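Input: a single structure, listed below in structure tokens.
The values are calculated or read from the model by the stated rules, or taken from the named source; none is laboratory data. The structure presented is a predicted model; accordingly, all values stated were derived computationally and were not measured. All Cβ positions, even for glycine, are placed from backbone atoms using ideal geometry, and neighbour counts span all protein chains on display.
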Amino acid sequence: MSAVPYDGTPRFDSIARYRRKIMKNAKTERPPTRRERERARHRQEILDASCQVFSEKGFKSTTIADISKRSEFSIASIYKHFESKEDIYHSLIEDTLEMAYSELEKSTQGVDSPLQQIHNGMDAILDLFTDNRAFLEFFIAEYRPSADLEDKPLARKSMDSYRRFLEFFAERFALAIEAKEVADFPPTYLAIGLLGNIFTMTSYWIYFDALDLAKAERHLIKEIFFSKIALVDA
């Protein structure tokens with residue numbers, strides 16, 4: 001995939017489309033039936049069990065039989081909800097990232113300062129991931145958006161999820177620059193740096209079994225990222 005030259009303008013069109021879709025659905029959706037609620041609950045139970053097994057055995061070593069045993073659903077029942085193990089894999093990632101994005105938006109509601117919105121959004125993502133250790137372990141070990149399972153359509157879905165987070169923060173960095181709350185750097189690259197920090201932090205806490213430090217050390221990471229650390233010219 002060739003790199004797209006950065007033109008200095010954050011790409012927010014996908015977020016706008018997503019918000020319009022949500023508003024449209026909110027007006028037209030009907031309450032789910034009892035059968036639909038039960039089906040959704042069963043689907044979530046299968047995903048929860050899959051997440052636990054993936055985090056313990058890894059994606060490649062996990063079988064549908066393993067998921068069946070852990071979830072207490074028959075293999076036939078699992079295939080009523082998902083087409084394959086790969087489908088479970090991507091549904092788990094997409095559903096969790098969708099929930100993370102929803103928490104991200106909630107964290108910025110009623111907050112005027114773009115910089116505070118960035119801080120709140122960072123905390124929302126970290127809270128969700130560190131409170132869901134099984135998913136975090138699986139996500140860090142298995143998530144490869146650039147070449148997921150050598151399946152281009154599925155890889156595109158993974159990249160779309162990442163792009164939404166990137167655009168969310170890039171938009172707020174652009175507003176923070178306009179409000180003179182942060183230095184004038186390209187907003188997209190600021191967002192890339194922030195998300196890179198989040199991924200590195202969570203990877204460190206998992207690899208070194210230090211999730212208890214997740215909240216205690218968070219302010220230090222923020223301080224490093226949001227302040228100038230160079231004391232002399234290079």
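Annotations for the structure displayed:
- Members of the stretch 67-94 found to be surrounded by 15 or more Cβ atoms within 10 Å (Cβ to Cβ) and of a type outside the set (Val, Ile, Thr), listed by number: SER68, ARG70, SER71, PHE73, HIS81, PHE82, LYS85, TYR89, HIS90, SER91, LEU92, GLU94
- Residue ranges of helices (runs of 4 or more DSSP H) in the stretch 8-86 with at least 1 members out of contact with any Asp or Glu (no Cβ under 7 Å at 6 or more places or on another chain) and at pLDDT below 90: 13-28, 34-57
- One residue alone among ALA214, ALA170, ALA155 is surrounded by 14 or more Cβ atoms within 10 Å (Cβ to Cβ), under 19 Å from the mean Cα position of the chain (by Cα) and modelled with pLDDT of 90 or more, and that residue is ALA170.
- The stretch 173-186, residues that are in contact with a Leu (Cβ under 8 Å, 6 or more places away or on another chain) and buried (at least 20 other Cβ atoms within 10 Å of the Cβ): PHE173, ALA176
- Every residue from the stretch 128-152 that is assigned to a helix (DSSP H, G or I), at pLDDT below 65 and surrounded by fewer than 16 Cβ atoms within 10 Å (Cβ to Cβ): GLU150, LYS152
- Residues of the stretch 178-218 classified as in contact with a Phe, Trp or Tyr (Cβ under 7 Å, 6 or more places away or on another chain), within 24 Å of PHE135 (Cβ to Cβ) and of a type in the set (S, T, N, Q), total: 2
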